[in-house]
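Following: one structure in structure tokens, then a few remarks.
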Amino acid sequence: MIESPPVSEARRVLFQDFGFTDYRAGQEQAVDAVLGGHDAIVLLPTGSGKSLCYQLPAIVAAREGRGTTIVVSPLIALMQDQVGGLIARGVKAAALHSHQDPDEQADVVADFLSGELTLLYVSPERAAKASFRRMMSRVEIALLAIDEAHCVSQWGHDFRPDYMLLSELREFAEAPIIALTATATAVVMKEIESRLELRDAVIVRTGFDRPNLSFGVRSIRTERERLEVVVAEFDSAGLRGLRGPGRGIVYCSTRKTTEKVAKALRESGIAAGHYHAGRTKLARERAQSAFEAGRIRVLVATNAFGMGIDLPDIRLIVHFQTPGSVEAYYQEAGRAGRDGEPAKCLLFFGLADLATQRRLSERNVSSAAIDQRREDALREIETYATQLVCRHEALVSHFSGDASGTACGRCDVCSGEAEEWIATAQSNESRAPKIETLPDEALDSIVQAVDWLTRPVGRRNLAQALRGGKAKALSRGGLLTLPEYGTLSDYDEDSVIAAIDQLLSCGRLERKGQRYPTVWLPGKPVRTKLRRLESDESTLAPAEFVGRSFRTSSRVRGPHRGGDVARALDNYRKRTARKLNWKTYMVFQKAVIVAIDRDEPQSLDALAQIPGLGPAKVERFGEDILDLVRTHRRRMLD
């Protein structure tokens, strides 16, 4: 039995500080739970007021002298929005993050240690630091709030490793924990409860249906056709001009597509900006502020934009490319219509979008289990996109496990618009190449190829080399000189990649690295000496030298004067500095250019011996530098 606090106090804060006369669905149960000292998991749809579930009890607890509430939040922009809103309500709140200067951080720490803060927002990475935990132990803590709690789950769509350490915070502050999310299946909910070590948690969950949103899917294969539809949709929504009510968002899976779509919209007369993590911090801030201020009415963005953004009048959200899961889609689409007025959510679907998601997933931390979960997630969103079931019913069923059986009457399926393109999508799918199972001798060839390599390579690059591809990226690491090069040309690329995954699953191959996983042979050292065929290099045809490490005596050594390599490296560091918004010397100093021009390193190991470069920069810039050196060598040989 939950012990509710005096109703008058919580409701007084609800009215006086937030201006509401009554709670929304689920809020009162969550507030009463944590004020009664209980842990809670809050699963409410996007835009339904999750933040109030911890902000209101934080204010009540602070006024009763029970201490500060710590809020763990995944994004700095999200923290700043929340803190700004609380300060505007007269609540003493602050955030502690890496974008602050030392003086500002010191002021926040001083306010926290003195007990003046009602709420303090921090990232999961800061919450994991021993220094922050020691600081916590010196302050009375009333509540621990874990926002976007699905990030704790490896089966979720925004996994953050440091979220898995948050259960340790209770060792430094004996306070109830409230975990909040808008997108979590039953499996993710259980993992949240387990990972955070919640105690008899009160589960607060309401319906997922957003009755003011109209969902639709279109099967459009070409980029040109998708752009035509996007322009038509914004015209129909009245979002072309600079003036007028409402805004729109176009979500893309890649940075390149984001820029192309934004440019195409601008050329069509639509005031559009773009936002992705590859832009500088200043450029991102300008794009977001222009969108929020109404100077542009359409923002084209990757998933780097939007978490915690609370704009009430987004009338149209288009997913130009299919995202990697139903959870990711619903979270992003749910940013439409937060004012309760009608809004439209349109998803473009194609098999090429799923292939894009697979390529993007290769950059992330991986294991056989996680790879399988990603494939399951892609199948789930493919099912959502291609089945003739009410969109609202399908989404509610995905998260709750229960189908209401009641059609919404608003989506493209209910209106009958989906039937024609569903037939087209199924026809395209039937013509798509099927994954073929490779025979044992082909699997042996893959293992032999990896054994021959001098360093780990990516799955897709390995598959392309085995099929006889000639992409520029294959010149790195000796892929073009594999004895097995082209031996699997009879199989399509997806089938070869599936075979590599099979070898990884059974342990004949293993992954190396976390940020950019690569394929390697179990037990084989990564650093190897020259391969067995190099003693016979004089017998190889010239084309077989591509991508190999070799030297020539055609250049006479002498005092360094700076040549083509030096000029190319200097131009490269200037371009890179502009792109990263760095000082030129921060990329690498002139002494590094002199040493590279003199020694002409032909491998990452050799490059690592250059004084002043260091492992981090070799990892980040090494392949680009080697490409410049190799280009210079080829020109000299010509």
*asked:* Can you give me the convex hull volume of the Cα atoms of the range 564-637, divided per residue and expressed in Å³?
replied: 77
*Normalise the Debye intensity by I(0) for the range 440-528, one equal point scatterer per Cα, no solvent, then take log10 at q = 0.17, 0.20 Å⁻¹ and round to two decimals.*
-0.61, -0.88
_Cα-Cα P(r), the range 213-431, percent of pairs per 10 Å interval_ = 8, 34, 38, 18, 2, 0
*If we sort 575-581, 227-233 on the protection proxy, mean other Cβ atoms within 10 Å, highest first, what's the order?*
227-233, 575-581
*Just the number, please: percent antiparallel of the DSSP beta bridges in the chain, rounded to the nearest 5.*
10
_Starting from 0.36 nm per residue, how many nanometres of slack lie between residue 579 and residue 502 once their C-alpha separation is accounted for?_
23.8 nm
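With N set to the residue count of the range 7-205, report its C-alpha Rg divided by 2.2 N^0.38 Å to two decimal places. Before the final figure, lay out each step's value.
Numbers: Rg = 15.5 Å, N = 199, 2.2 N^0.38 = 16.4 Å.
Against the compact-globule rule of thumb, the ratio is 0.94.
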*Going by the alpha-carbon gyration tensor, a ≥ b ≥ c the square roots of its eigenvalues, is the range 43-122 rounded (a/c under 1.5) or, if a/c is not under 1.5, prolate (a/b greater than b/c) versus oblate?*
oblate
_Farthest positive-ward along the range 564-637 dipole, Cα basis, beta-carbon charges - from 581, 615, 592_ = 581
*Please work out the FRET efficiency for the pair residue 388 and residue 606, using the Cβ-Cβ distance as r and a Förster radius of 41 Å; give the result to the nearest 0.05.*
0.10
*asked:* If I stretch the segment between residue 564 and residue 100 completely, what's the gain in nm (0.36 nm per residue apart, minus their alpha carbon distance), one decimal?
replied: 162.9 nm
*the range 99-180, Rg to Rh (Cα coordinates; Rh as Kirkwood inverse mean 1/r)*: 0.97
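How do 81, 570, 490, 353 rank when sorted from fewest to most other Cβ atoms within 10 Å of their own Cβ?
Ordered by Cβ neighbours within 10 Å, fewest first: 490, 570, 81, 353.
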_Theoretical ellipticity at 222 nm over the chain - DSSP helices of four or more residues, -39500 (n - 2.57) apiece, nearest 500_ = -13000 deg cm²/dmol
_the range 163-309, Rg to Rh (Cα coordinates; Rh as Kirkwood inverse mean 1/r)_ = 1.09
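In terms of the ratio Rg/(2.2 N^0.38 Å) built on C-alpha atoms, what value belongs to the chain?
The reported ratio for this selection is 1.09.
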*Hey, what angle do you get for helix 391-400 against the long axis of the chain, alpha-carbon based, 0 to 90 degrees rounded to 10?*
90
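Computed from the coordinates by the stated procedures, all read-outs in this text should not be read as laboratory data. This is a predicted model, so every value here is computed, not measured. Methodologically, a virtual Cβ is constructed for each residue, glycine included, from the backbone with ideal geometry; neighbour enumeration extends over all protein chains shown.
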